[in-house]
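Remarks on the structure that follows.
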Amino acid sequence: MTKYGTDRLDGKTLLVCIGAAKTGTSWLHRYLDGRADVAVSPLKEVHFFDAKFPEHALGDPDRLAMKRLAFHMQAAATTPEALRDDPLLQASLDRVQMIYDPQAYFDHFARLATDQTRVICDITPGYSTIGQAGFAYLKAFCAARGLRVKILFLMRDPVTRLWSQLRHLQQLSAENDALRDWSRLAGHPAVRARADYAQIVAGLDAVFDAEDLLHLFYEDMFDAPALRRLSGFLDLPFQAPGDAQSVNETRVKLDLPTAAHDAFCRDLAPQYQFCQARFAGHVPASWLSQAV
């Protein structure tokens, strides 16, 4: 029996945003967290399903969860009251429990849900790399609990997104010198998997019904029409965002070298071609300058 009772999630929709990386998912997390009818994990990135399918994970998701809990335990006043009253500390504890009790994933969201909650939300860009088998597991795992899953996949200009990710990797570790090592970093299998929109979309198509899939573009994400589409997709009333400021923007600011730009354009040409064919008329105009 779950701690919070199986009825806490009855009738709820689980929105899973699978990325891609560096497509405004932190801003989306803040926007959805500001809605009374949506319960979003305080962790932002839960990393539950990519721990089950870690082939292209950037690091060990379960080990990351343990380190995150240890960090918050050390940073907080470690009293029972602090544990009870700190949502991020509670969420970190929930995530560690998921290592040995998969049902803790549902308990985590059941604890967050209120009488007003209609949608629960897991925003983890790393899920874009779990492949068709991972998507099938995600769907079956949640169906066994009676949850309907809806998937949001955000895309961004492939070259711009990749360069943002490489700069973010440098921000995480000085060993990742984006200017010097762009070829090596971009060629890493985990990075390449996050850039393969065609493969990701094909895997989603094979598992989920079309009405449970929504594809949006980073370049449009901060505007009302895209958020109206998202609201309609979730059967929620539209709620205007408070602002369109970037959240978790990469702090390492570097111009993309010409050689890297040309190489990325060649390597990612199939992704531009796929998106133009699949999402004809919806691909942002700014992509066209790269798709040569």
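The values are calculated or read from the model by the stated rules, or taken from the named source; none is laboratory data. Just so it is clear, the structure is predicted and the values come from calculations on it, not from any experiment. Don't worry about glycine lacking a Cβ; one is built from the backbone with ideal geometry, like all the others, and counts go over all protein chains shown. Remember, those area values only see protein heavy atoms, side chains included, never the ligands or the DNA or RNA. Shrake-Rupley method; radii C 1.70, N 1.55, O 1.52, S 1.80 Å.
The residues on offer are ASP205, ASP177, ASP209, ASP196, and the sole one that is within 16 Å of the chain's Cα centre (by Cα) and either open to solvent by 30 Å² or more (accessible area, probe 1.4 Å) or of a type in the set (A, V, I, L, M, F, W, C) (or both) is ASP196. Scan (1) touching a Ser or Thr at 6+ places or on another chain (Cβ under 8 Å); (2) among the small types (Gly, Ala, Ser); (3) surrounded by fewer than 11 Cβ atoms within 10 Å (Cβ to Cβ) for the single condition ALA240 breaks and write down its number. Answer for ALA240: the failing condition is (1). Could you tell me whether any residue of segment 150-158 is open to solvent by 40 Å² or more (accessible area, probe 1.4 Å) and either at pLDDT 95 or above or in a helix (DSSP H, G or I) (or both)? The answer is no, given that none of the residues of segment 150-158 is open to solvent by 40 Å² or more (accessible area, probe 1.4 Å) and either at pLDDT 95 or above or in a helix (DSSP H, G or I) (or both). Scanning segment 52-92 for residues that are open to solvent by less than 30 Å² (accessible area, probe 1.4 Å) and without any contact (Cβ under 8 Å) to a residue 12 or more places away in the chain yields one hit, ALA82. Residues in segment 172-183 include at least one that is aliphatic (A, V, I, L, M) and within 16 Å of ALA21 (Cβ to Cβ). Taken over segment 160-178, the criterion of being small (Gly, Ala, Ser) and assigned to a loop (DSSP other than H, G, I, E, B) is satisfied by SER173, ALA174.
The residue list ALA136, ALA65, ALA110, ALA82 contains one member that is part of a helix (DSSP H, G or I) and under 30 Å from ALA198 (Cβ atoms), which is ALA136.
Checked across segment 252-266, the condition of being outside any loop (DSSP other than H, G, I, E, B), exposed (fewer than 11 other Cβ atoms within 10 Å of the Cβ), at pLDDT 95 or above and hydrophobic (A, V, I, L, M, F, W, C) holds for at least one residue. Taking (1) open to solvent by less than 50 Å² (accessible area, probe 1.4 Å); (2) closer than 23 Å to SER128 by Cα; (3) not aliphatic (A, V, I, L, M) in turn, GLU219 satisfies each apart from (1). Looking across segment 97-129 at every residue that is of a type in the set (A, V, I, L, M) and open to solvent by 30 Å² or more (accessible area, probe 1.4 Å), the one that is nearest to ASP50 (Cα to Cα) is identified as ILE99.
Before we move on, is PRO241 out of contact with any Cys (no Cβ under 6 Å at 6 or more places or on another chain), within 24 Å of ILE151 (Cα to Cα) and part of a helix (DSSP H, G or I)?
Working: out of contact with any Cys (no Cβ under 6 Å at 6 or more places or on another chain): yes; within 24 Å of ILE151 (Cα to Cα): yes; part of a helix (DSSP H, G or I): no.
Considered against the rule, which asks whether it is out of contact with any Cys (no Cβ under 6 Å at 6 or more places or on another chain), within 24 Å of ILE151 (Cα to Cα) and part of a helix (DSSP H, G or I), PRO241 comes out as no.
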